[in-house]
Amino acid sequence: MAAAQFPAVTVEPFGDSAVMVTVPHPDPVVRRTAIVDFRERFLAHRPPGMVDVVSGLESLLVEYDPLATAPQHVEYAIRLLAGRMPAEQRSARARTALRFAIPVVFDEETGPDLRSVAEEVGLAPAEVVDAIAESTFTISLLGAAMAPMMDGLQVPRPVRRRAEPRTDVAPGAIMIAGTNAIIQPFPGPTGWRVVGRTPHTIVDISRPDPVSFGTGDIVRFVPVTRDEAAALDAGFLTPEEVRV
């Protein structure tokens, strides 16, 4: 993507009180980088009538109050913000990527979907763990509740989501879908496949900086046993503890 130009965005209706924003570009890296840039721009200059913003890997769902604004006004605001995305703002936000090595317990209790994932991709459960450990993940965006959504899973084929979402997944759960991974920051539902859990707290809203990671950071998952995880006395995930 040229540094001086922000790509055009596509704005499509999504129900009667939301629009879906995407970036029509053949390069997935450009699409993902641009939608993250736009999300930050949109949140910093949120137009009136907006209710919520839900991040996807290559999309942004903008929910609005139809009693407070109209879809054409929402679309106009989105296109205006995208067209005014200054190159100098993007370069000012540039940061040196951190590298994280995150300990993870992979077993039937922490990873209830590990066996079914293995059957789906034609590997043994231990081989799935090895594939996850050998993958290098890049944080593409911070999703709901600042959950890090990552690219880079190296398995024989993309992993399908669950047909029936789980209703209550524990914090620290390592989840995969497609060729992506995400870490569950708080208890909650998910349709992603749960394959393990880290003992670290990855989001702490009581801290001035509730997360230590950001987009572009590099993550590796390091398999550990339950005893090794307990011996870590793991607390809030910080770069000093896990930088490699």
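By how many nm would the segment from A44 to R79 lengthen if fully extended, with 0.36 nm per residue of separation less the alpha-carbon distance? Provide the component values of the computation, followed by the final result.
Details: separation 35, 0.36 × 35 = 12.60 nm, distance 1.49 nm.
Value of the extension gain: 11.1 nm.
Computed extension length for T179-T10: 58.4 nm, one decimal, from 0.36 nm per residue of separation with the Cα-Cα distance subtracted.
Extension gain, R207-A101: 0.36 nm per intervening residue step, less the Cα-Cα distance, totals 36.0 nm.
From helices alone, the chain scores -7500 deg cm²/dmol at 222 nm; the rule is -39500 (n - 2.57) for each run of n ≥ 4 DSSP H residues, then divide by the residue total.
What part of the accessible area of the chain, given as a whole %, is carbon or sulfur when the probe is 1.4 angstrom? Could the numbers behind the result be given before it?
Details: 6500 of 12320 Å².
That share works out to 53 percent.
Here the Debye sum runs over all C-alpha atoms of the chain as equal scatterers in vacuum, and log10 of I(q)/I(0) at q = 0.17 Å⁻¹ comes out as -1.29. Normalising the Debye intensity of the stretch 130-244 to I(0), with uniform scatterers on Cα atoms only, and taking log10 at q = 0.09, 0.19, 0.21, 0.22 Å⁻¹ returns -0.22, -1.09, -1.34, -1.47.
Measuring with a 1.4 Å probe in the full set of protein chains, what accessible area per residue, in whole Å², belongs to the stretch 85-244?
I get 49 Å² per residue for this part.
Any idea what the relative contact order of the stretch 85-244 is, in percent, if you count C-alpha pairs under 8 Å spaced at least 6 apart?
32 percent
The values are calculated or read from the model by the stated rules, or taken from the named source; none is laboratory data. Predicted model only: the values in this text are computed from it and were never measured. Surface areas here come from the heavy atoms of the whole protein model, side chains and all, with no ligands, DNA or RNA. Shrake-Rupley method; radii C 1.70, N 1.55, O 1.52, S 1.80 Å.
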